[in-house]
1. For segment B:228-328, list the helices (runs of 4 or more DSSP H) that sit wholly inside it and hold at least 3 residues that are touching a Lys or Arg at 6+ places or on another chain (Cβ under 8 Å) and over 24 Å from residue B:92 (Cα atoms); which are they?
2. Kindly establish whether residue B:316 is modelled with pLDDT under 85 and more than 19 Å from residue B:135 (Cβ to Cβ).
3. Check off (1) more than 9 Å from every other protein chain (Cβ to nearest Cβ); (2) loosely packed, with under 14 Cβ neighbours inside 10 Å; (3) modelled with pLDDT under 90 for residue A:6 and give me the number that stays unchecked.
4. Just to be sure I understand, how many residues within segment B:153-170 are in a loop (DSSP other than H, G, I, E, B) and without any contact (Cβ under 8 Å) to a residue 60 or more places away in the chain?
5. Which one is modelled with the lowest pLDDT among residues in segment B:115-152 that are in a loop (DSSP other than H, G, I, E, B) and in contact with a strand residue (DSSP E or B) (Cβ under 8 Å, 6 or more places away or on another chain)?
6. Could you look through segment B:73-103, keep only residues that are over 25 Å from residue B:139 (Cβ atoms) and under 52 Å from the mean Cα position of the chain (by Cα), and pick out the one that is surrounded by the fewest Cβ atoms within 10 Å (Cβ to Cβ)?
7. Please verify whether segment B:139-150 includes one or more residues that are more than 28 Å from the chain's Cα centre (by Cα) and away from chain A (no Cβ under 14 Å).
8. Return yes or no: is residue B:224 in contact (Cβ under 8 Å) with a residue 60 or more places away in the chain and out of contact with any Phe, Trp or Tyr (no Cβ under 6 Å at 6 or more places or on another chain)?
Amino acid sequence: MNDKEPKELTFEAALYELEETVTKLESGELALEETLQLFEKGQSLAVLCSSQLESAAMRVEMLTSDGEILDISAE
Amino acid sequence: MVRIDLLRYSENTMIPHFEQYGLEDQVWSVSDLNGYIRELIDIDYRLGELQVIGEVSNFSQAKSGHAYFTLKDDSSQIRCVMWASFAKRTSIVPIDGDAVVAHGRVSVYEAMGQYQLYVERLEHAGRGDLAREFEQLKQRLADEGLFDPEHKVQIPAFPVKIGIVTSADAAALRDIRTVLKRRWPLTSVLIAPTLVQGKEAPAQIVEALLWLDGRNDIDTIIVSRGGGSMEDLWAFNDEGVARAIFDATHPVIVGVGHETDFTIADFVADLRAPTPSAAAELAVPDIGEMAEHVQDLNQKMVKAVLNSFHQNRVYLDGLLRSLGNLSPRSALDSNRQRVDWLSNRLERSFDRRMDQAKNRLELSEARLAAVSPISTLQRGYAIVKKKDGSLVRSVAHVVEGEELEIHVADGGFTATVE
């Protein structure tokens with residue numbers, strides 16, 4: 001069980017947990033209380049994934065001859 | 001030219017020591033002469049490291065691994081020897097008639113009075129030989145297992161950071177950036193720029209790979225350059241580059257040249273891409289597809305929960321229905337029966353309880369009796385009291401002639417102390 005706060009998760013981790021949550025919910029073997037809890041968690045995971053997809057801005061850096069790492073995202 | 005150089009050397013006292021060659025008589029022994037000539041040649045820095053182009057003839061390789069051949073041009077030739085340690089490392093096996101460039105030094109085989117070229121590295125000089133060199137290296141590395149599928153590592157599905165080895169100002173980098181940004185802007189990119197053709201390119205490519213591979217924030221490495229001729233792409237056929245790709249701990253995608261170009265780097269890569277753009281596409285997922293997938297999962301989730309509620313509701317309804325199945329008449333009848341049955345149970349239960357209570361009482365009585373004074377007395381003990389009623393527990397409590405009261409189990413009497 002992942003104890004991290006959803007906002008710390010990478011997209012990959014969040015997606016994986018979301019898929020597991022859906023599988024559990026679809027199994028139909030849960031008590032009502034559990035169902036509701038899982039649903040809430042699943043919702044926040046889905047929101048996290050979607051917001052990461054929407055707000056993504058690719059960062060580009062390059063190693064210079066002096067050994068520095070320069071941000072060239074704008075170029 | 002040589003004369004002038006010798007004069008220069010003598011000014012700097014760099015010439016071999018005359019004395020050791022026993023020149024008092026100015027008659028040299030052969031050994032001394034050859035030794036002197038050898039020293040003369042070994043001193044010359046230009047002969048210490050050079051490249052000679054020529055045609056191979058009389059090539060032979062001894063069991064020891066040492067290779068012997070002659071290099072010649074239109075009017076001259078020179079004997080060559082390549083020690084086994086160097087011959088093993090070279091990627092070409094020359095045959096007579098080949099045009100080669102030999103890297104090495106000139107020295108003298110004293111015993112034979114022969115100056116020779118000691119070759120350390122050989123490469124093909126002509127264009128057509130490039131293809132053969134390529135095939136030979138490819139075969140050698142394949143035999144070593146460098147291209148085996150078992151060694152290929154899976155490319156991560158969602159890389160957080162991608163390292164790129166490529167030229168800083170060429171189209172390949174622009175193409176890669178465009179594709180990555182369009183498909184998966186969640187990733188970030190770190191470029192280690194290098195030359196991608198020419199003599200210095202292989203070393204730079206290896207260095208860039210090592211640097212990226214040594215970092216702990218990289219998930220995938222792309223090695224890439226745009227299209228070109230066989231010579232242009234030659235750096236990616238370099239053995240050092242191939243080994244660096246093989247040894248890299250991170251997955252490496254190679255996208256060099258066009259679809260039909262295959263370099264050694266392509267064979268040793270964890271994943272080969274036909275072009276730089278294709279390399280970028282293979283490195284990341286598509287954002288549109290992922291967004292749809294998340295939506296899909298969301299919908300599935302909602303459906304599953306609604307379904308769950310529905311199921312629960314159905315169950316509840318079922319319960320209520322079966323309860324309602326009891327009609328009023330049948331309810332009354334069954335009530336009567338129920339009362340009888342209940343009262344029976346009650347009686348039986350009461351009886352049982354009474355028995356239990358009786359048992360407990362008897363038990364307590366027995367215990368009580370065991371510790372009561374009455375039973376002690378019954379066993380023959382007596383209670384002795386003074387006239388004032390206090391208990392006599394010790395002989396010290398009584399005096400001669402005193403009257404005492406003795407109590408036994410069934411009564412009491414007086415007694416006088418003697």
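1. The helices (runs of 4 or more DSSP H) meeting that bar are B:276-283.
2. It is true that residue B:316 is modelled with pLDDT under 85 and more than 19 Å from residue B:135 (Cβ to Cβ).
3. (2)
4. Going through segment B:153-170 one residue at a time, the tally reaches 5.
5. B:126
6. Here the residue is B:79.
7. yes
8. yes
The values are calculated or read from the model by the stated rules, or taken from the named source; none is laboratory data. Note that the structure is a prediction, hence the values are computed from the model and not measured. We place every Cβ from the backbone using ideal geometry, glycine too, and count neighbours over all the protein chains shown.
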